[in-house]
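Only one structure is covered here, and it is reproduced in the block below.
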Amino acid sequence: MNLLEMNHIVKEFDGLEVIKDISISVKEGEILSIIGPSGSGKSTLLRCATMLERINGGEIRYLGERAAYLGGDGKPVYPKGQEAKRIRSYFGLVFQNFNLFPHYSVIKNIVDAPIKVQKRARQEVYEEARALLKKMGLSDKENAYPCQLSGGQCQRVAIARALALNPKILFFDEPTSALDPELTGEVLRVIRSLADLKITMVIVTHEMAFAREISDRVIFMDKGKIVLEGKPEDVFDADHTRIREFLGRYQRG
Amino acid sequence: MSFSVMLEQLCGGMLKSMEIFFLTLLFSLPLGLLIAFGRMSKNIVLRTVIKVYISVMRGTPLMLQLLVVYFGPYYLFGMSIGGSYRFTAIILGFSLNYAAYFAEIYRSGIASMPVGQYEAAQVLGYGKAQRFVRIIFPQVVKRILPSVTNEVITLVKDTSLSFSLAYAEMFTIAKQIAAAQTNFMPFVVAAVFYYVFNLAVAVVMETLEKKLSYYH
Ligand SMILES: Nc1ncnc2c1ncn2[C@@H]1O[C@H](COP(=O)(O)OP(=O)(O)O)[C@@H](O)[C@H]1O
Ligand SMILES: [Mg+2]
């Protein structure tokens with residue numbers, strides 16, 4: 001069974017279609033990268049998958065469970081209450097600009113949701129959070145506040161925060177785009193270490209070498225549509241004008 | 001009248017002024033938040049009613065509002081007023097007025113929060129109430145503290161408007177003694193009182209701001 005299925009997703013803003021009938025599926029343990037020019041709808045697609053945007057057409061399923069679909073009246077239907085809570089617990093999202101909670105210390109950023117949302121035992125959550133921080137190379141920052149950290153450190157905390165809820169799938173929306181070039185490496189390294197753990201991930205990125213190396217599958221999007229999809233080498237080496245043009249811009253820059 | 005007797009009476013007035021001050025804050029700060037929610041409600045009727053309410057409270061003199069709250073029940077419903085209602089009317093009038101000001105402060109503070117904070121909390125599974133209480137509101141408090149300080153300092157001075165209902169707080173008493181004794185001293189004492197009270201308020205608010213300056 002597919003962990004995530006997005007079927008015929010349509011999303012419009014003010015009558016303008018930004019996602020035009022896109023279908024993707026992600027299997028457990030799979031790493032999918034989404035590349036494409038800016039404005040092609042990559043973020044919107046992730047925001048639809050994580051229920052930050054309401055779809056205008058299609059359906060979303062997590063583990064076969066319907067997370068969003070179009071009702072008889074043409075309006076999207078989203079689950080409520082416990083069902084919504086359960087579906088939300090399947091996924092995590094790492095934002096481009098981290099969105100850490102500035103008033104919470106690093107450790108509190110990580111433990112708050114597991115304790116207050118998932119109602120898990122404090123002791124256990126703190127132990128797990130410390131283990132995560134260690135994995136992120138941030139053990140000494142436990143009591144720091146986000147404003148005292150570098151961008152790369154913030155993003156690593158944000159990744160730990162998302163992981164602390166034990167999601168089945170983790171979405172990344174350009175996790176290194178807000179970082180100074182010398183700080184992207186440390187974040188990519190962390191994401192790579194998650195790949196080694198077989199954590200299911202969907203990554204929107206402009207780091208082409210990284211995407212090529214880490215992904216099981218790559219999707220090239222343009223103007224709200226999937227242009228190419230396949231194994232990294234099949235997409236990156238495709239003899240296709242639009243992707244050649246797109247990749248050319250990166251090689252020149 | 002000896003100075004000590006005068007001082008004693010003035011001290012009684014000070015306590016009453018402080019009572020008005022603290023009770024007004026106690027009621028208007030939470031009420032202001034409720035009004036802010038109403039002001040931001042999706043329900044257009046509620047939103048409009050609250051908007052008019054805030055506009056009237058901010059657009060008419062507080063002294064007039066106190067008179068309306070005090071005399072209104074008599075003129076409108078023929079209810080008997082006076083006695084303990086005088087104090088109730090003062091607290092009610094002040095609270096309703098200050099809640100309107102605080103509501104606008106809360107509202108602008110809430111509106112200034114980056115949408116990413118809401119989204120991060122939502123994706124992490126926080127419910128609406130949890131999200132507001134744990135993530136949004138604590139940050140709003142820090143953002144609005146300077147504006148709240150301004151209002152609180154104004155409130156210290158505004159308590160003197162209670163004289164319009166002849167309530168025996170600091171200013172009313174000072175005025176009475178000064179008139180009866182043809183003595184300027186009570187006004188000096190009153191001025192010192194308001195000034196020192198405000199200094200104390202400023203110190204408290206500054207401490208609060210410092211406490212919240214551990215992040216930015
Ligand atoms: N909230 C919104 N309101 C209106 N238009 C939007 C909104 N979000 C995104 N868009 C538009 O949708 C298109 C796709 O945006 P986005 O998904 O952010 O692209 P990408 O992430 O690939 O750069 C853009 O044209 C953008 O202007
Ligand atoms: Mg984007």
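The values are calculated or read from the model by the stated rules, or taken from the named source; none is laboratory data. Small disclaimer: the values here were computed from a predicted structure and weren't measured. Backbone-built Cβ (ideal geometry, glycine too); neighbour counts: all protein chains shown.
Residues checked against (1) over 16 Å from A:L3 (Cβ atoms); (2) assigned by TED's automatic domain parsing to the domain that holds A:L16; (3) touching a Ser or Thr at 6+ places or on another chain (Cβ under 8 Å):
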site	(1), (2), (3)
A:L46	no, yes, no
A:G64	no, yes, no
A:G71	yes, yes, no
A:G74	yes, yes, no
A:P79	yes, yes, no
A:A84	yes, yes, no
A:V111	yes, no, no
A:K119	yes, no, no
A:E124	yes, no, no
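Based on what the data block shows, is A:E65 out of contact with any Cys (no Cβ under 6 Å at 6 or more places or on another chain), at pLDDT below 95 and away from ligand 1 (no atom under 13 Å from the Cβ)?
Numbers: out of contact with any Cys (no Cβ under 6 Å at 6 or more places or on another chain): yes; at pLDDT below 95: yes; away from ligand 1 (no atom under 13 Å from the Cβ): yes.
Considered against the rule, which asks whether it is out of contact with any Cys (no Cβ under 6 Å at 6 or more places or on another chain), at pLDDT below 95 and away from ligand 1 (no atom under 13 Å from the Cβ), A:E65 comes out as yes.
Please go through the range A:47-62 and give me each residue that is surrounded by fewer than 19 Cβ atoms within 10 Å (Cβ to Cβ) and away from ligand 1 (no atom under 16 Å from the Cβ), ordered by number.
The answer is A:E59, and nothing else.
Looking for something assigned to a strand (DSSP E or B), buried (at least 22 other Cβ atoms within 10 Å of the Cβ), away from ligand 2 (no atom under 16 Å from the Cβ) and within 18 Å of the chain's Cα centre (by Cα) - is there at least one such residue anywhere in the range A:84-107?
Yes; the residues of the range A:84-107 include at least one that is assigned to a strand (DSSP E or B), buried (at least 22 other Cβ atoms within 10 Å of the Cβ), away from ligand 2 (no atom under 16 Å from the Cβ) and within 18 Å of the chain's Cα centre (by Cα).
Being acidic (D, E) and within 16 Å of ligand 2 (Cβ to nearest atom) is the filter here, so list the residues in the range A:217-253 that pass it.
Result: A:D222, single match.
Across the range A:21-41, what is the number of residues that are within 11 Å of ligand 2 (Cβ to nearest atom) and either within 14 Å of another protein chain (Cβ to nearest Cβ) or among the hydroxyl-bearing types (S, T, Y) (or both)?
Result for the range A:21-41: 2.
Out of all the residues in the range A:130-141, is one or more surrounded by fewer than 22 Cβ atoms within 10 Å (Cβ to Cβ), touching a residue at least 40 places away in the same chain (Cβ under 8 Å), more than 13 Å from chain B (Cβ to nearest Cβ) and in a helix (DSSP H, G or I)?
Yes, that holds for at least one residue.
Could you figure out which of (1) touching a residue at least 24 places away in the same chain (Cβ under 8 Å); (2) assigned to a loop (DSSP other than H, G, I, E, B); (3) within 16 Å of ligand 2 (Cβ to nearest atom) isn't true of A:T44?
(2)
Take B:S112 and decide whether it is of a type in the set (G, A, S) and within 14 Å of another protein chain (Cβ to nearest Cβ).
In short, yes.
Here are B:V201, B:V133, B:V189, B:V141: which of them is free of Cβ contacts under 8 Å to residues at least 40 places away in the same chain and either assigned to a helix (DSSP H, G or I) or surrounded by 13 or more Cβ atoms within 10 Å (Cβ to Cβ) (or both)?
B:V133
Determine, yes or no, whether A:V157 is under 19 Å from the mean Cα position of the chain (by Cα) and within 20 Å of B:Q122 (Cβ to Cβ).
For A:V157, the condition - under 19 Å from the mean Cα position of the chain (by Cα) and within 20 Å of B:Q122 (Cβ to Cβ) - is met.
For the range A:200-224, give me each residue that is within 15 Å of ligand 1 (Cβ to nearest atom), of a type outside the set (A, V, I, L, M) and either over 14 Å from the mean Cα position of the chain (by Cα) or within 14 Å of another protein chain (Cβ to nearest Cβ) (or both).
A:E207, A:F220, A:D222, A:K223, A:G224
Of everything in the range B:1-46, what is modelled with pLDDT of 95 or more, of a type in the set (G, A, S) and in a helix (DSSP H, G or I)? Give them in sequence order.
Residues satisfying the conditions are B:S28, B:G32, B:A36, B:G38.
Looking only at the range B:1-50, which residues are in contact with a Gly (Cβ under 8 Å, 6 or more places away or on another chain) and of a type in the set (A, V, I, L, M, F, W, C)?
Scanning the range B:1-50 gives B:L46, B:V49, B:I50.
Just to be sure before I move on: is A:M51 of a type in the set (A, V, I, L, M) and part of a loop (DSSP other than H, G, I, E, B) in the structure I sent?
Answer is yes for this residue.
Residues A:L149, A:L188: which one is hydrophobic (A, V, I, L, M, F, W, C), more than 16 Å from ligand 1 (Cβ to nearest atom) and not assigned by TED's automatic domain parsing to the domain that holds A:F210?
Going through A:L149, A:L188 in turn, just one is hydrophobic (A, V, I, L, M, F, W, C), more than 16 Å from ligand 1 (Cβ to nearest atom) and not assigned by TED's automatic domain parsing to the domain that holds A:F210: A:L149.
Pairs needed: first member in the range A:181-210, within 19 Å of A:L149 (Cβ to Cβ); second member anywhere, aromatic (F, W, Y) and within 16 Å of ligand 2 (Cβ to nearest atom); C-beta distance under 8 Å; at least 6 residues apart or different chains.
Filtered contacts from the range A:181-210: A:I191/A:F172.
Cβ-Cβ under 6 Å, sequence separation 6+ or interchain: first residue in the range A:235-246 and touching a residue at least 24 places away in the same chain (Cβ under 8 Å), partner in a helix (DSSP H, G or I). Which pairs?
A:F236/A:R212
For the range A:23-39, give me the residue count where each residue is within 13 Å of ligand 1 (Cβ to nearest atom) and surrounded by fewer than 22 Cβ atoms within 10 Å (Cβ to Cβ).
Of the residues in that region, 3 qualify.
Exactly one of these conditions fails for A:T44: (1) more than 20 Å from A:V235 (Cα to Cα); (2) away from ligand 1 (no atom under 16 Å from the Cβ). Give me its number.
(2)
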